[in-house]
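Reviewing the structure listed below.
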Amino acid sequence: MKNIILTFFLIIPLISIAAKYYPGKATKTDGTELIGYFQFPDHSMVKTIKYKSSLENKNEKLKSKNLQSIEITNNNDTVITYEMRFSKGYKLFGGKKMKRSKKASWFKLLEKNENGISVYSGEVKSSNPDGQFATTSYTSFTYILFPKDKDVIMIELQNTQKLIAKMNFYKAFVKKVEVYFEDICPEISSHITKDLYKEKGVFLLPELYEQHCK
């Protein structure tokens, strides 16, 4: 049963809301839960999450590696879910061996489908050691999660469907779908059109999977 968590939070900078505490619930790796107030993760690779049992108390730092998920309610009463997951994908050149990330990191849940394709967003860190000052930046990507799988798969640079005319991301997207769905639902790529991709982007995959792959 489809349960859409988020569809319109792709362009909100996480850092803009990270300074405040919001009510929520964290689930730890041992299954226990923490109820209180949390700060949003600044980026996917953040190592600690700030937490308060009440707004009057001092903050605690929760290690990300000890957490499974966080559900935070923002000022608009929208529940935003983050999950600690490993990511995977194929190497840029050569072979079909899937490469898995060495560490789990935070991914924001955009659309949840228990028996279908779920959609996440996350950031990949890149560093520039050149010049007088070293810099670190984060590039946002969209990921998908297959039914009964635990690792998310990077599918595209976030919001690239808006740049189809200039960058030709459409062909690259279809190619990735052909590879990723080869053993699961190879016919799904034949139902992707440029107009549909321009309208819905990655979110066309849960819909097409529901229609043609189950």
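The values are calculated or read from the model by the stated rules, or taken from the named source; none is laboratory data. Please read all numbers here as calculations on a predicted model, not as lab measurements. Here Cβ is always computed from backbone atoms with ideal geometry, including for glycine, and neighbour counts include all displayed protein chains. Remember, those area values only see protein heavy atoms, side chains included, never the ligands or the DNA or RNA. Shrake-Rupley method; radii C 1.70, N 1.55, O 1.52, S 1.80 Å.
Quick rundown of the values:
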{"quantity": "Candidate set: the range 175-185, residues that are part of a helix (DSSP H, G or I) and open to solvent by 40 Å² or more (accessible area, probe 1.4 Å); chosen: the one modelled with the highest pLDDT", "calculated": "178"}
{"quantity": "Residue identified as part of a strand (DSSP E or B), modelled with pLDDT under 95 and either within 29 Å of residue 37 (Cβ to Cβ) or open to solvent by less than 40 Å² (accessible area, probe 1.4 Å) (or both) among 83, 111, 123", "calculated": "123"}
{"quantity": "Flag if residue 96 is exposed (fewer than 15 other Cβ atoms within 10 Å of the Cβ) and at pLDDT 95 or above", "calculated": "no"}
{"quantity": "Residue list for the range 155-174, filter: farther than 30 Å from residue 69 by Cα and at pLDDT 90 or above", "calculated": "174"}
{"quantity": "Residue tally, condition part of a strand (DSSP E or B), open to solvent by less than 60 Å² (accessible area, probe 1.4 Å) and over 12 Å from residue 21 (Cα atoms), over the range 50-80", "calculated": "5"}
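Yes/no per residue for (1) assigned to a strand (DSSP E or B); (2) of a type in the set (Lys, Arg); (3) at pLDDT 85 or above; (4) in contact with a Gly (Cβ under 8 Å, 6 or more places away or on another chain):
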site	(1), (2), (3), (4)
148	no, yes, yes, no
153	yes, no, yes, yes
190	no, no, yes, no
206	no, no, yes, yes
